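Undergrad: This structure is in structure tokens; I'll ask about it shortly.
Since every read-out is calculated from the coordinates, none of them should be taken as a lab result. Everything quoted here is computed from the prediction, not taken from an experiment. Quick reminder, even Gly has a Cβ in these numbers, built from the backbone with ideal geometry, and neighbours come from all protein chains shown.
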Amino acid sequence: MDLQKLVDDVLKDVEVYRGHGEVASYIPALKAVDPRKLGIAVAAEDGSVYCAGDAEEPFSIQSISKVFMLNLALDHVGATLWNHVGREPSGSPFNSIVQLEAEKGKPRNPLINAGAIVVCDNVMNHGTADEAVSEILDFMRERAGDASVAIDANVAQSENQAGFLNRSLAYFVSAFGNLRNPVEDVLSIYFRQCAIAMSCRQLARAALYLAFDGNDPVTRDAVTISSRARRINALMLTCGHYDNSGDFAYRIGLPGKSGVGGGILTVVPGFGTVVVWSPGLNSAGTSLAGAAALEKMVERTGWSVFV
Ligand code: GLN
């Protein structure tokens, strides 16, 4: 398959969607992003990354970071993580608080905001917030093979200032005794992980191990155990897009994770990864042109976990 032609063709396929959807505005620093940006990157087993459009430009990865933080938490605490957070789709928006009261402060899954905050608490464990942030940043740099990956301090600060809802979620969870560490420390990890900036190219490369049972196919690093990589993919398929997860699985048929920065990471098990970026979102916070691009890509390639 000519992967360069594929990404070029898909970019043309979705040109009509460029600029559609709403750029996330509840985090003021994200509002400033040009809604017409559109990037696509496909990473293959040999580490080659095929790019089209704005695929080299760093964007705020936002909730896509939750996938990698989950990996770190499972590495730290193993299955005891599931005493603190569930594994079921929420059917609710990413920042919803409604289920937390009925379910006694145990978030439905690690990919909604409340669950990701609990994940941060488990990565921090008995260390400091800064150590947890260094750990995720080092992880992303190593996996991307690029030491220039960084946190956008402006976005992190903006998230903190506008973080009333995330603060509410975190204090609510803490009231049920489900956070070990001080709430503001845990939140400071969460805000900074969401503010990591990466390009489609860097992110596609970084996630490659998830397509190969936890092993980086280029460096041969055993990043995580195979059962863990498979389970992270299962959670992405069932919970990766909040109340839009069923629709995404139906249309695209691959594990994926969206972020309100407009990025979507998708894993094609045994083949590689696809990352798209376009800041205009649908009502569930999934990139509109990005999801359309992924739909065109699976139409053209036949990629699916259901073959
Ligand atoms: N930082 C964002 C928030 O907490 C992440 C949400 C997202 O990307 N869906 O609201």
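Undergrad: Treating cross-link reach as a plain straight distance, find the lysines whose alpha-carbon is under 23 Å from the alpha-carbon of LYS104, omitting any fewer than eight places away in the same chain.
TA: The qualifying lysines are LYS66.
Undergrad: What order do you get for CYS51, CYS200 when you list them from fewest to most C-beta neighbours inside 10 Å?
TA: CYS51, CYS200
Undergrad: Let me ask something else about it. So for the chain, averaging the separation of alpha carbon pairs under 8 Å that are six or more residues apart and normalising by length, what relative contact order in percent results?
TA: 28 percent
Undergrad: Here is a follow-up. Any lysines with Cα under 28 Å of the LYS12 Cα? List them, leaving off those in the same chain fewer than 8 positions away.
TA: Once the sequence-local lysines are set aside, what remains near LYS12 is LYS31, LYS37, LYS257, LYS296.
Undergrad: How high is the relative contact order of segment 199-288, in percent, counting Cα pairs under 8 Å that sit 6 or more residues apart? Display every interim value, and only then the final one.
TA: Values: 163 pairs, mean separation 24.5, N = 90.
27 percent.
Undergrad: Net charge near VAL149, counting Lys/Arg +1 and Asp/Glu -1 over other residues with Cβ under 10 Å of its Cβ?
TA: Result for the local shell: -1.
Undergrad: With axes computed from alpha carbons, what is the tilt in degrees of helix 129-144 against the longest principal axis of the chain, rounded to the nearest 10 within 0 to 90?
TA: 20 degrees
Undergrad: Oh, and also: Can you tell me the orientation of helix 183-194 relative to the chain, as the angle in degrees between its alpha-carbon axis and the longest Cα principal axis, to the nearest 10?
TA: Tilt relative to the chain: about 0 degrees.
Undergrad: With a sphere of radius 13 Å drawn around the Cβ of LYS12, what net charge do the other residues whose Cβ falls strictly inside it have (Lys, Arg +1; Asp, Glu -1)?
TA: Combined, the nearby Lys, Arg, Asp and Glu give 0.
Undergrad: Can you give me the angle between helix 164-175 and the longest principal axis of the chain, using Cα atoms only, in degrees from 0 to 90, rounded to the nearest 10?
TA: That works out to roughly 50 degrees.
Undergrad: Moving on to the next point. Using the Cβ atoms and a cut-off under 12 Å, what net charge is assigned to the surroundings of CYS200, where Lys and Arg are +1 and Asp and Glu are -1?
TA: Numbers: positive: LYS37, ARG201, ARG205; negative: ASP54, GLU56, GLU57.
Here the charged neighbours net out to 0.
Undergrad: Quick one: if the Förster radius is 35 Å, what FRET efficiency do VAL16 and LYS104 give, using the C-beta to C-beta distance and rounding to 0.05? It would help to have the intermediate numbers written out before the result.
TA: Working: r = 47 Å, r/R0 = 1.33.
Step by step, r from the Cβ atoms, then E = 0.15.
Undergrad: Calculate the spin-label point distance for SER227 paired with VAL305, positioning each point 7 Å from the Cα along the beta-carbon direction, and give it in nanometres.
TA: Rounded to a tenth, the inter-label distance reads 1.7 nm.
Undergrad: May I pose another question? Starting from the Cα of TYR26, step 7 Å toward the Cβ, then list every residue of segment 84-126 with an amide N under 18 Å from that point.
TA: 90-101, 107-118
Undergrad: Here's a follow-up. Can you sort SER227, SER48, SER199 by how many other beta carbons sit within 10 Å, fewest first? Walk me through the numbers before you get to the answer.
TA: Details: SER227 10, SER48 13, SER199 25.
Least to most surrounded, the residues fall as SER227, SER48, SER199.
Undergrad: Counting alpha carbon pairs within less than 8 Å and at least 6 residues apart, what relative contact order, in whole percent, applies to segment 152-264?
TA: 16 percent.
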